[in-house]
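See below for the structure under consideration.
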């Protein structure tokens, strides 16, 4: 983690460390919409997460909720660090807590810390969430909820939910042992890639809804569903974390409210009216996540709770298709339905939301998950998405390399194809005769001329119906197309440019 320009002074007394945040005058910002505090480095007056106009934070405000972080948040202007009000030096690293050997820090925040740990009896890795001593001492209600919700969530076993293995207390430290998800958060995915393709966004939202449905069926309400609380495995499978562990909000006068908890940017209108969290309000939060995945922005961004409450209750929802015209009508309508202002007009719970999203997505799998299944364990294949197109780089056994592209065609949804093609070489006239001869000898797929990065190229192309293609077909076709394209390049040019 990068160190801010002026580190806070630390005093030691009674065996504890204390941070003097008065030296941070003007360096911390609090965003009401995100319900978090950040160190501000080169960013003035804007939340680094949602972009809302914010003021400098007071010491009395609550610290951030976010715990799962692989790395510090960054903004285009510079690093943005979460404000950590607990001990500056970590006493657990390399030591034991209960039956756990603490190995490294995964994330931190005002609520506590999450460590990568090893269960010494079972010899397995896990994520260990340890509550802040400050929070434990000053908020007995939160500690009670921490225990209650931890026990309830431990009964949830679902592919799209982070499994809780144990809950306990030792030396006044309250902790949860959770499944270790060795990936990134959904928030980090959005920060890294921006808006996702409509099919990819819908696939992720559907899987999250499946996990939410299992929780609601068990009588558990999340209360703070947001991209920070959804973790992605290395295969891209989303898992919901932090059931029932929402943090109290900060009122306009700087005090914490009695009943209002969570993250305002993801709160349903009825939550602002203190009606209490319900499965239906979880659906609204899922709708905000879905809107963010589809468009790359939140429905409403405001600087105060009062403004957010007014926007959520009164202002019309921004038109998804006006923001992103490539989003199909049925997907846009699905997102709008989950974001209805009246809970009576929304899906009642995760079960109905899951059914709705499954109906919208049908059986079409997104390209990202297909590629992950096809090449997830292959060290010689990597890919990157640009818009709707995926560019793959393959290392061939003889040391040569080949570039492939996987993208949907521009046909209507029912006739859409998945195009798999690889660049052979520049489409120069002197190659035409040999290219035609080679094309006549190819039994599956074929040579074509395609514009790549503004240049005409010979490419080896194969196609599949988009609605029915599976991961194994993509894997076999991609490898075959790559080898054939490389052979054509070698025969025509004798080089290895692609």
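The values are calculated or read from the model by the stated rules, or taken from the named source; none is laboratory data. This one's a predicted model, so the numbers in the text were calculated from it and none came from an experiment. Note that we place each Cβ from the backbone using ideal geometry, even for glycine, and neighbour counts take in every protein chain shown.
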(request) Hey, could you check the stretch 215-230 for residues that are assigned to a loop (DSSP other than H, G, I, E, B) and at negative phi and say which is surrounded by the most Cβ atoms within 10 Å (Cβ to Cβ)? (result) 225
(request) Please give the number of the condition residue 357 fails out of (1) out of contact with any strand residue (DSSP E or B) (no Cβ under 6 Å at 6 or more places or on another chain); (2) closer than 30 Å to residue 395 by Cβ. (result) (2)
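Take residue 403 and tell me if it is assigned to a loop (DSSP other than H, G, I, E, B) and either surrounded by 12 or more Cβ atoms within 10 Å (Cβ to Cβ) or not assigned by TED's automatic domain parsing to the domain that holds residue 202 (or both). Can you show your working first?
Working: assigned to a loop (DSSP other than H, G, I, E, B): no; either surrounded by 12 or more Cβ atoms within 10 Å (Cβ to Cβ) or not assigned by TED's automatic domain parsing to the domain that holds residue 202 (or both): yes.
No: the conditions fail for residue 403.
Output yes when any residue across the stretch 409-416 is under 35 Å from the mean Cα position of the chain (by Cα), buried (at least 20 other Cβ atoms within 10 Å of the Cβ) and modelled with pLDDT of 85 or more, and no when none is.
Keep residues of the stretch 409-416 that are under 35 Å from the mean Cα position of the chain (by Cα), which gives 409-416.
Filter once more, keeping what is buried (at least 20 other Cβ atoms within 10 Å of the Cβ): none.
No, the stretch 409-416 has no match at all.
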(message) Given the criteria in the same structural domain as residue 134 (by TED's automatic domain parsing) and either touching a helix residue (DSSP H, G or I) at 6+ places or on another chain (Cβ under 8 Å) or under 15 Å from residue 152 (Cβ atoms) (or both), does residue 212 qualify?
(response) no
(request) Go through the stretch 384-394 and give me each residue that's in a strand (DSSP E or B) and either buried (at least 18 other Cβ atoms within 10 Å of the Cβ) or out of contact with any strand residue (DSSP E or B) (no Cβ under 6 Å at 6 or more places or on another chain) (or both). (result) 385, 386, 390, 392, 394
(request) Out of the residues in the stretch 40-53 that are crowded, with 24+ Cβ neighbours inside 10 Å and over 20 Å from residue 261 (Cβ atoms), state the one that is modelled with the lowest pLDDT. (result) 40
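Grab the helices (runs of 4 or more DSSP H) fully contained in the stretch 108-198, keeping just those with 2 or more residues being within 18 Å of residue 224 (Cα to Cα) and outside the structural domain of residue 92 (by TED's automatic domain parsing).
On the way: elements: 133-138, 140-154, 186-193.
Once the helices (runs of 4 or more DSSP H) in the stretch 108-198 are filtered for at least 2 residues that are within 18 Å of residue 224 (Cα to Cα) and outside the structural domain of residue 92 (by TED's automatic domain parsing), what remains is 186-193.
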(message) For residue 373, only one of the following conditions fails: (1) assigned to a loop (DSSP other than H, G, I, E, B); (2) not assigned by TED's automatic domain parsing to the domain that holds residue 191. What is its number?
(response) (1)
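In the stretch 293-311, is there at least one residue being within 19 Å of residue 210 (Cα to Cα) and surrounded by 18 or more Cβ atoms within 10 Å (Cβ to Cβ)? First the steps, then the outcome.
So in the stretch 293-311, the residues within 19 Å of residue 210 (Cα to Cα) come out as 293-294.
In the following step, the residues that additionally are surrounded by 18 or more Cβ atoms within 10 Å (Cβ to Cβ) were identified as 293-294.
Within the stretch 293-311, one or more residues are within 19 Å of residue 210 (Cα to Cα) and surrounded by 18 or more Cβ atoms within 10 Å (Cβ to Cβ).
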(message) When you check residue 325 against the structure, is it free of Cβ contacts under 8 Å to residues at least 12 places away in the same chain and assigned to a loop (DSSP other than H, G, I, E, B), yes or no?
(response) yes
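Can you pull out every residue in the stretch 418-435 that is out of contact with any strand residue (DSSP E or B) (no Cβ under 8 Å at 6 or more places or on another chain) and in a helix (DSSP H, G or I)?
Once the filter is applied, which keeps residues that are out of contact with any strand residue (DSSP E or B) (no Cβ under 8 Å at 6 or more places or on another chain) and in a helix (DSSP H, G or I), the stretch 418-435 yields 429, 430, 432, 433, 434.
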(request) Count, please, the residues in the stretch 451-476 that happen to be part of a helix (DSSP H, G or I) and crowded, with 16+ Cβ neighbours inside 10 Å. (result) 4
(request) For residue 162, indicate whether it is surrounded by fewer than 16 Cβ atoms within 10 Å (Cβ to Cβ) and within 24 Å of the chain's Cα centre (by Cα). (result) no
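Residues 447, 479: which one is surrounded by 15 or more Cβ atoms within 10 Å (Cβ to Cβ), within 24 Å of residue 381 (Cβ to Cβ) and out of contact with any helix residue (DSSP H, G or I) (no Cβ under 7 Å at 6 or more places or on another chain)? Explain how you work it out, then say what you get.
Numbers: 447 fails: out of contact with any helix residue (DSSP H, G or I) (no Cβ under 7 Å at 6 or more places or on another chain).
Of 447, 479, the one residue that is surrounded by 15 or more Cβ atoms within 10 Å (Cβ to Cβ), within 24 Å of residue 381 (Cβ to Cβ) and out of contact with any helix residue (DSSP H, G or I) (no Cβ under 7 Å at 6 or more places or on another chain) is 479.
Residue-by-condition table, conditions (1) under 21 Å from residue 353 (Cβ atoms); (2) modelled with pLDDT of 95 or more:
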| position | (1), (2) |
| --- | --- |
| 230 | yes, yes |
| 257 | no, no |
| 273 | no, no |
| 277 | yes, no |
| 285 | yes, yes |
| 293 | yes, yes |
